[in-house]
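First up is the structure itself, then whatever we jot down about it.
The values are calculated or read from the model by the stated rules, or taken from the named source; none is laboratory data. None of these values were measured; they are calculated from a predicted model. Neighbour counts are summed over all protein chains in view; Cβ atoms, including those assigned to glycine, are modelled from backbone coordinates with ideal geometry. Accessible surface areas use protein heavy atoms only, side chains included; no ligands, DNA or RNA. Shrake-Rupley method; radii C 1.70, N 1.55, O 1.52, S 1.80 Å.
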Amino acid sequence: MQPAQEIHLVRVTTADGVVQIWLAASSPGEALDEVLDVIPEGWTVQLVRRLDADQAAALNMTTGEIRRYRPL
């Protein structure tokens, strides 16, 4: 598995209006599709921003990996 070169923050809004942040280790267009593949139908996604290289490296994600962000 390859270390991710690009990681994007994706805002997910549930059917109830709750906002979640997800991390997607892929290109911008793929990020939205990959998150849509793992969330329930009816939820919406919006690309927020791309992480810089240092932030991406700190997450230690592999290309194609998707994670829901959960603050400590």
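Here are a few things to note about the model shown:
- Scan of segment 1-30 for residues that are open to solvent by less than 50 Å² (accessible area, probe 1.4 Å), in contact with a Phe, Trp or Tyr (Cβ under 7 Å, 6 or more places away or on another chain) and part of a loop (DSSP other than H, G, I, E, B), ordered by number: T14
- Residues of segment 31-70 classified as within 20 Å of D16 (Cβ to Cβ), part of a loop (DSSP other than H, G, I, E, B) and open to solvent by 90 Å² or more (accessible area, probe 1.4 Å), total: 3
- Residue in segment 18-26 that is hydroxyl-bearing (S, T, Y) and within 10 Å of the chain's Cα centre (by Cα) present: yes
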